[in-house]
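Okay, structure first, notes after.
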Amino acid sequence: MASNESFYDVFRQQGISRRSFNKFCSITAASLGLGPAFAPRIAHAMETKRRTPVIWLNGLECTCCSESFIRSSHPLVSDMVLSMLSLDYSEVLMAAAGHQAEAALQETLRDNYGEYILAVEGNPPLNEDGMFCIVGGRPFLEQLQEMAAGAKAVIAWGSCASNGCVQAAKPNPTQATPIHKVIRDKPIIKIPGCPPIAEVMTGVVTYMLTFGEIPPLDRLGRPKMFYGQRIHDKCYRRPHFDAGQFAEAWDDENSRKGYCLYKMGCRGPTTYNACSTVRWNDGVSFPIQSGHGCIGCSEENFWDNGPFYERLAKINTPFFVESDADRIGLGAVAVVGTAIAAHTAASALQRARSNSNAAKSE
């Protein structure tokens, strides 16, 4: 399909009715956290804007971001790739391989210079002139710099591209580095997570294709609509935290009751992501709901912030309900461990007083 076709042109070619198209626009608006009034704007954009060329590169990574992306259900990735995007190059998803794939990449670079979106999964190693990651006979570092030069915007898929992830963890022998330390002259939208939630990935792409601009970002370059709140603030276990009810060991009685996993090392109080609201696998669950604490995979240098199964004790972040990353960036700093300890102590004292009063009344 030609990339100069509009979204709606492709929908019509597939036999999709106007009613179904409008329904799709309404669902898309809802998935982006926008009100019903935005559905007509999305419809207008899809009727008038051509499909945007996308080049998707893979560096040092495990392909988990691609695996997550193809499991999106709102919107379906098939609608995304076949109707909304002109996915001109993707080593994982394209049919071509070898010389044909590299020819497609160069053709897109030539015909759509300055117009395509560059999506990057993984990161480049800088040691030994980038020789620890070779793609098509060339260091990935060179490919990344060449493709970024002609892109109008760059999406950093996952923690590998956003902050380095395990490849950049100490001692980092390959000198793997997040892409924003290599690409400095283009707008970069970071979608951290190991991997990111599928609907977060497709939601960001949909926003960019529909409105022709990058979504509002927080101080770390993450879209506020998905990374604007801590997992802790919307976690279904939050009432247990407020009541001072915690799991003390894996699979103990408190764990079976669904008590808060903070004492088991859960990073929910310091991690900004949509896990507790959008969730995973078509909204079925997320790690905390499955009984495992959050390991903070959408935060900076999370692999070096371990161990993951010890209680948080010394992290410089404010502990306000409904806090966001920007408020942290403005300098409202406190020690989370101290705040939680004080909160837990107050809860215990309140319970002791209640028990004492009950005993006296008897």
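The values are calculated or read from the model by the stated rules, or taken from the named source; none is laboratory data. Owing to the predicted nature of the structure, the values given are computational and were not obtained by experimental measurement. Virtual Cβ from ideal backbone geometry, glycine too; neighbours counted across all protein chains shown.
Computed quantities for the displayed model
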{"item": "Odd one out for residue 282 among (1) in contact with a strand residue (DSSP E or B) (Cβ under 9 Å, 6 or more places away or on another chain); (2) crowded, with 18+ Cβ neighbours inside 10 Å; (3) closer than 26 Å to residue 202 by Cα", "result": "(2)"}
{"item": "Those residues of the range 44-59 which are among the charged types (D, E, K, R) and either within 24 Å of residue 136 (Cβ to Cβ) or assigned to a loop (DSSP other than H, G, I, E, B) (or both), in sequence order", "result": "49, 51"}
{"item": "Of all residues in the range 235-249 being assigned to a loop (DSSP other than H, G, I, E, B) and touching a residue at least 40 places away in the same chain (Cβ under 8 Å), the one that is surrounded by the fewest Cβ atoms within 10 Å (Cβ to Cβ)", "result": "236"}
{"item": "Any hit, the range 16-39, residues being more than 23 Å from residue 195 (Cα to Cα), in a helix (DSSP H, G or I) and either hydroxyl-bearing (Ser, Thr, Tyr) or modelled with pLDDT under 70 (or both)", "result": "yes"}
{"item": "Number of positions in the range 195-234 that are surrounded by fewer than 22 Cβ atoms within 10 Å (Cβ to Cβ) and assigned to a loop (DSSP other than H, G, I, E, B)", "result": "11"}
{"item": "Residue satisfying all of: in the range 136-154; farther than 19 Å from residue 168 by Cβ, in contact (Cβ under 8 Å) with a residue 24 or more places away in the chain and not in a helix (DSSP H, G or I); nearest to the chain's Cα centre (by Cα) among these", "result": "153"}
{"item": "Long-range neighbours under 9 Å by Cβ, at least six apart or interchain, first residue at positive phi and of a type in the set (Lys, Arg) within the range 275-293, second assigned to a strand (DSSP E or B) and surrounded by fewer than 19 Cβ atoms within 10 Å (Cβ to Cβ)", "result": "279/285"}
{"item": "Matching residues in the range 250-263 - criterion: being surrounded by 22 or more Cβ atoms within 10 Å (Cβ to Cβ) and in a helix (DSSP H, G or I)", "result": "262"}
{"item": "Flag for residue 175 being in the same structural domain as residue 71 (by TED's automatic domain parsing) and at pLDDT 95 or above", "result": "yes"}
{"item": "Options 332, 325, 274, 313: the member that is within 27 Å of residue 198 (Cβ to Cβ), at pLDDT below 90 and among the hydrophobic types (A, V, I, L, M, F, W, C)", "result": "325"}
{"item": "Sole residue being surrounded by 12 or more Cβ atoms within 10 Å (Cβ to Cβ), in the same structural domain as residue 66 (by TED's automatic domain parsing) and over 26 Å from residue 194 (Cα atoms), chosen from 129, 111, 88", "result": "111"}
{"item": "Close pairs from the range 162-174: first touching a residue at least 24 places away in the same chain (Cβ under 8 Å) and of a type in the set (S, T, N, Q), partner surrounded by fewer than 22 Cβ atoms within 10 Å (Cβ to Cβ) and not in a helix (DSSP H, G or I), Cβ under 7 Å, at least 6 apart", "result": "163/300; 163/301; 167/174; 174/132"}
{"item": "Residue list for the range 148-160, filter: within 16 Å of residue 185 (Cα to Cα) and surrounded by 22 or more Cβ atoms within 10 Å (Cβ to Cβ)", "result": "151, 154, 155, 156"}
